[in-house]
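Report on one structure; see the data block that follows.
Laboratory data are not the source of any read-out in this text; all were calculated from the coordinates shown. Keep in mind the model is a prediction, meaning the values are calculated, not measured. Cβ: placed from backbone, ideal geometry, glycine included. Neighbour counts: every protein chain shown.
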Amino acid sequence: MQKLLSEIRACEICKAYLPLGPRPIVAAHGNSSIVVIGQAPGVKVHETGIPWDDPSGKQLRNWMGVSDEVFYDSSKIALVPMGFCYPGKGTSGDLPPRPECAPLWHGSLLAKMQHVELVLLIGRYAQNHYLGTAAKKTLTETVSAFESYLPQYFPLPHPSPRNRFWLAKNPWFLEKVVPELQARISKLV
């Protein structure tokens, strides 16, 4: 696992497309029982090198019901983005994750994690990649049908502060989905 993580962290395959240059961010361990598959690091995470070290990460930890200590214990929770490097700024937020990363690295990473019991799919990029045709037409429909993807996958919206309007329009998420997420997480950590 350490050799693979070193290879990922040294990756420069899409260097020409990255405004801040390559800095692959990933945390994983052979004993991880939960894998969080997010979008791509934001600029703050690119600067610190710590996955989910931003307001989105704080919200995600709240939804999961875990402390920073548990969240950052890679022997419990692996943090694997769809794109390992900050992709740059778009018109309404960050650009999509680079398409090279997941096909290049995810298979090898997941193969080395033999104890995974739950994969959190954060946002449409992760959901479309892992659920394929089983993903619903919209993120809202996919998240509301979360039970149909269990026990392997648990689809979630992105925990970005930008999604506060989505959360306000979908109160069922905090009422129904988050308690189920916390119950499943607490059994695994």
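Values for this structure:
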quantity: Net charge over other residues, Cβ less than 13 angstrom from the Cβ of S67 (K, R count +1; D, E count -1); calculated: 0
quantity: Within-12-Å neighbourhood charge of V43 [Cβ basis; K, R +1; D, E -1]; calculated: -1
quantity: FRET E, pair W166, N31, Förster distance 41 Å, beta-carbon r, rounded to 0.05; calculated: 0.75
quantity: Per-peptide average of other Cβ atoms within 10 Å, ordering 39-46, 5-12, 82-89 highest first; calculated: 82-89, 39-46, 5-12
quantity: R23 paired with L104, simple spin-label distance in nm, labels 7 Å along Cα-to-beta-carbon; calculated: 1.8 nm
quantity: Residues D53, D73, D68, sorted so that the one with the fewest Cβ neighbours within 10 Å comes first; calculated: D68, D73, D53
quantity: Cβ-defined net charge surrounding L150, 12 Å radius [Lys, Arg +1; Asp, Glu -1]; calculated: -2
quantity: Positive-end residue of Y72, C85, N62, charge dipole of region 54-98 with Cβ unit charges; calculated: C85
quantity: Approximate spin-label separation E141-Q114, in nm, with each point projected 7 Å along Cα-to-Cβ; calculated: 4.0 nm
quantity: Estimated distance in nm for a label pair at A134 and Q2, the labels positioned 7 Å out from Cα along Cα-to-Cβ; calculated: 3.5 nm
